[in-house]
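Asker: Sharing a structure here in structure tokens format.
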Amino acid sequence: MNESSSVGEVANRLRQELDRYSPGGKLPSSRTLVERFRVSPVTVSRALAQLAAEGLVVTRPGAGAFRAEPRNALAPAGDTSWQEVALSADAALEVVPRTVDASGVLVSLAAPPPGVIDFSGGYLHPSLQPERAMAAALARAGRRPGAWARPPVDGLPELRAWFARDLGGALTAGEVLITAGGQSALTSALRALAPPGAPVLVESPTYPGMLAIARAAGLRPVPVPVDADGVRPDLLAEAFRMSRARVFVCQPLFQNPTGAVLTAERRREVVRIAREAGAFVIEDDFVRRLVHEDAGPLPRPLIADDPDGVVVHVRSLTKATSPSFRVCGLAARGPVLERLRAIQVVDTFFVPRPLQEAALELLGSPGWPRHLRSLATELKTRRDALTAALRLSLPDLAPPRVPSGGYHLWLRLPDGTDESALVTSALRAGLAVTPGRPYFSAEPPAGHLRLSYADVANTEEITEGVRRLRRAYTEVCS
């Protein structure tokens, strides 16, 4: 049983038993609850915190937990129907109506119900995260002089310099801004480069979170197909010509969701085509630290070979560490950097200094390269386990090419397969998978599934997950 399900079960048991106690009555001690439920003190503490957040118990340091006093009767509900008119009226005035829809992102953020194997997660399982190294880094960071003072709005100079060295290509610390994760950096970049109502070129398929950002900003995503070697330059040039877009967003390395790596020839072509169109390329380098141990040398980021300022680069530490370690470098050359800086300040002021200090401590510690080596080995092991299980049990779904980086496989469903029905059937069988539809900004050419192997406990769960997927597939296709 994982910790999150244990917390939920303890909270449910305590919630059911609250009627035994009068308002203000004291619940059993944490030690008693630990022994009774046979869980860790952390699990008990989190279960009580959950009940406290619901207003059912009150915790008092040093005294224990008590049943909360009854709440006052709720006031009569107000009439909020006027909001429907107000919100729809806003859309009528916009050239491209904004659509604030996080459903495509929430698929990989939502925790599945207890007992469900998670093939939809977008982050590392706790067992793969460098928890000890991060905890030690955070402790050391808290003792640094001025750790809780306001940081420079651009980010700590030492951290900006680390990102600049990591990117290569003679970039300087002055050309890097520190942002609160990749999603924040992509949001700032799109807002800086494209006015509301403008088209923005995107890979097809592509990351749903980026599509959500574009639509929320009132931009119009224009799809450019991706094949096994990345985006097709001929179609990219045609899309620039027809749409007159001034921005192209891409993931040249282990693209999400296809896993494609942009070839050397296409890399040069993409930058050249954008430069001739007077456009920017936003390079989302989201999984460079999730390379597998059997991968060959990685290509340099596009920005490293772009002295003319065509490329705006996004590189986050989050994917290789923890969902809560939201530190990212946003790099650009030329006047656009000032616009990016201004939007960053308006939106968030700055990334909290303790987190930046902790990032510096982690990146400079011996534990960081050890973690990356261990992660490369474990991701390959999980990738191979998932690939082997698919080829054995579901050969119709096994991908023809398997990427040597990232944390998922992209499966094309046979023609006629009902993608939505398969996702629903899989959940009934105890498996959460990601549907392919949210990855397309236009009508998809076929049904797809994305299977993540990063947020599962071990290879045994992967094997069992494929067994459950086979059961669901047989149910849908029989």
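The values are calculated or read from the model by the stated rules, or taken from the named source; none is laboratory data. All of these numbers come straight from a predicted model, not from anything done at the bench. No Cβ is skipped: glycine too gets one built from the backbone with ideal geometry, and neighbour counts run over all protein chains shown.
Asker: Outside the structural domain of ALA180 (by TED's automatic domain parsing) and in contact (Cβ under 8 Å) with a residue 60 or more places away in the chain: is that true of LEU422 in this structure?
Answerer: So LEU422 fails the test.
Asker: Here's another thing I want to ask about it. I want to confirm something. Restricting to region 125-148 and keeping residues that are in a helix (DSSP H, G or I) and basic (Lys, Arg), which single residue is nearest to the chain's Cα centre (by Cα)? Spell out the reasoning first.
Answerer: Going residue by residue through region 125-148, those that are in a helix (DSSP H, G or I) are 126-128, 131-142.
From what is left, the residues that are basic (Lys, Arg) are 132, 140.
Values: ARG132: 22, ARG140: 27 Å.
My answer is ARG132.
Conditions tested, residue by residue: (1) among the polar types (S, T, N, Q); (2) touching a residue at least 12 places away in the same chain (Cβ under 8 Å); (3) over 17 Å from ALA68 (Cβ atoms).
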| position | (1), (2), (3) |
| --- | --- |
| SER6 | yes, yes, yes |
| GLU9 | no, yes, yes |
| ARG13 | no, yes, yes |
| LEU18 | no, yes, no |
| TYR21 | no, yes, no |
| LYS26 | no, yes, no |
| SER30 | yes, yes, yes |
| GLU35 | no, no, yes |
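Asker: Consider PHE254 carefully, then state whether it is of a type outside the set (D, E, K, R), in contact (Cβ under 8 Å) with a residue 60 or more places away in the chain, buried (at least 20 other Cβ atoms within 10 Å of the Cβ) and in contact with a Lys or Arg (Cβ under 7 Å, 6 or more places away or on another chain). Don't jump to the end; show me each part of the working.
Answerer: Values: of a type outside the set (D, E, K, R): yes; in contact (Cβ under 8 Å) with a residue 60 or more places away in the chain: yes; buried (at least 20 other Cβ atoms within 10 Å of the Cβ): yes; in contact with a Lys or Arg (Cβ under 7 Å, 6 or more places away or on another chain): no.
Against the criterion (of a type outside the set (D, E, K, R), in contact (Cβ under 8 Å) with a residue 60 or more places away in the chain, buried (at least 20 other Cβ atoms within 10 Å of the Cβ) and in contact with a Lys or Arg (Cβ under 7 Å, 6 or more places away or on another chain)), PHE254 does not qualify.
Matching residues to (1) out of contact with any Gly (no Cβ under 9 Å at 6 or more places or on another chain); (2) of a type in the set (Val, Ile, Thr):
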| residue | (1), (2) |
| --- | --- |
| ASP418 | no, no |
| ALA421 | yes, no |
| LEU431 | no, no |
| GLY436 | no, no |
| SER441 | yes, no |
| PRO444 | no, no |
| HIS448 | no, no |
| ALA454 | no, no |
| THR463 | yes, yes |
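Asker: Under 7 Å between Cβ atoms, at least 6 apart or on separate chains: pull out the pairs that start in region 331-344 with a residue that is basic (Lys, Arg) and end on any residue that is part of a helix (DSSP H, G or I).
Answerer: Listed by first residue and then by second, the contacts come to ARG333/GLU175; ARG339/ALA192.
Asker: Moving on to the next point. Quick check on my filter: what residues within region 180-199 are among the hydroxyl-bearing types (Ser, Thr, Tyr) and under 12 Å from VAL312 (Cβ atoms)?
Answerer: The answer is SER188, and nothing else.
Asker: May I ask you to verify whether VAL271 is out of contact with any Pro (no Cβ under 7 Å at 6 or more places or on another chain), in contact (Cβ under 8 Å) with a residue 12 or more places away in the chain, of a type outside the set (Asp, Glu) and not in a helix (DSSP H, G or I)?
Answerer: So VAL271 fails the test.
Asker: If LEU235 satisfies every condition in (1) over 30 Å from VAL153 (Cβ atoms); (2) touching a helix residue (DSSP H, G or I) at 6+ places or on another chain (Cβ under 7 Å); (3) surrounded by fewer than 24 Cβ atoms within 10 Å (Cβ to Cβ) but one, which is the exception?
Answerer: Among (1) over 30 Å from VAL153 (Cβ atoms); (2) touching a helix residue (DSSP H, G or I) at 6+ places or on another chain (Cβ under 7 Å); (3) surrounded by fewer than 24 Cβ atoms within 10 Å (Cβ to Cβ), the lone unmet condition for LEU235 is (2).
Asker: Then there's this: Kindly indicate whether any position in region 430-452 is closer than 22 Å to LEU298 by Cβ, of a type in the set (Phe, Trp, Tyr) and in a loop (DSSP other than H, G, I, E, B). If you could, list the steps in order and put the result at the bottom.
Answerer: From region 430-452, those closer than 22 Å to LEU298 by Cβ are 452; that's our starting set.
Add one more test, that the residue is of a type in the set (Phe, Trp, Tyr), and what stays is none.
Within region 430-452, not a single residue is closer than 22 Å to LEU298 by Cβ, of a type in the set (Phe, Trp, Tyr) and in a loop (DSSP other than H, G, I, E, B).
Residues checked against (1) closer than 30 Å to ARG373 by Cα; (2) modelled with pLDDT of 95 or more; (3) crowded, with 19+ Cβ neighbours inside 10 Å; (4) aliphatic (A, V, I, L, M):
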{"position": "ALA77", "(1), (2), (3), (4)": "no, no, no, yes"}
{"position": "SER81", "(1), (2), (3), (4)": "no, no, no, no"}
{"position": "VAL85", "(1), (2), (3), (4)": "no, no, no, yes"}
{"position": "VAL107", "(1), (2), (3), (4)": "yes, no, yes, yes"}
{"position": "ALA111", "(1), (2), (3), (4)": "yes, no, no, yes"}
{"position": "PRO126", "(1), (2), (3), (4)": "yes, no, no, no"}
{"position": "ARG144", "(1), (2), (3), (4)": "yes, no, no, no"}
{"position": "LEU159", "(1), (2), (3), (4)": "yes, yes, yes, yes"}
{"position": "LEU177", "(1), (2), (3), (4)": "yes, yes, yes, yes"}
